[in-house]
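The structure appears right after this line, and notes come after that.
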Amino acid sequence: MSDCLFCAIARGDIPGDIVHSDKQSVAFRDIAPVAPVHVLVIPREHYANAADLARQDPALAAHLLTVAASVAEQEAVSADGYRIVTNTGDRAGQSVRHVHLHVLGGRDLAWPPG
Ligand code: AMP
């Protein structure tokens, strides 16, 4: 999508603090981190949310989870524990309508979230 922020980051048109890149996905640091490790994992192809992605390309959905796990290893939060979050829709606070996995770690994470 031409006016999508995360499509622009995936294309390299808008800079991102990239921590992982492959043919299908990109991972970059969140611009407003809420934890010491806060990385967003996105597909290069545009899907509005996790449900659309899972229905249309389940293999790509699985790939994003694998990348999230690799990022957690790379960021050294895998052993202590980390969280993967994907917000869907207004009431969940989804502000960017290009599916993304938040990978959060590096501090104690409250559950249930507020
Ligand atoms: P969500 O609210 O779940 O849609 O998450 C969108 C996330 O994108 C938020 O945590 C924002 O801080 C983050 N974000 C917005 N713009 C950028 C950007 N240019 N680079 C990195 N992260 C961004």
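Some notes on this structure:
- A crude spin-label estimate for the pair ARG29 and ASP3, with each label 7 Å from Cα along the Cβ direction, gives 3.1 nm.
- What separates the Cα centres of segment 61-96 and segment 1-43 is a distance of 12 Å.
- Calculated FRET value between ARG107 and GLU73, using beta carbons and R₀ = 22 Å, to 0.05: 0.80
- With respect to the chain, whose longest principal axis is taken over its alpha-carbon atoms, helix 58-74 is tilted by about 40°.
- Nearest-20 debye value, segment 1-111 charge dipole, Cβ charges on Lys, Arg, Asp, Glu: 140 debye
Every read-out reported here was derived from the displayed coordinates using simple, explicitly stated rules and does not represent laboratory data. Just so we're clear, the structure is a prediction, and the values are computed from it rather than from any experiment. Methodologically, a virtual Cβ is constructed for each residue, glycine included, from the backbone with ideal geometry; neighbour enumeration extends over all protein chains shown.
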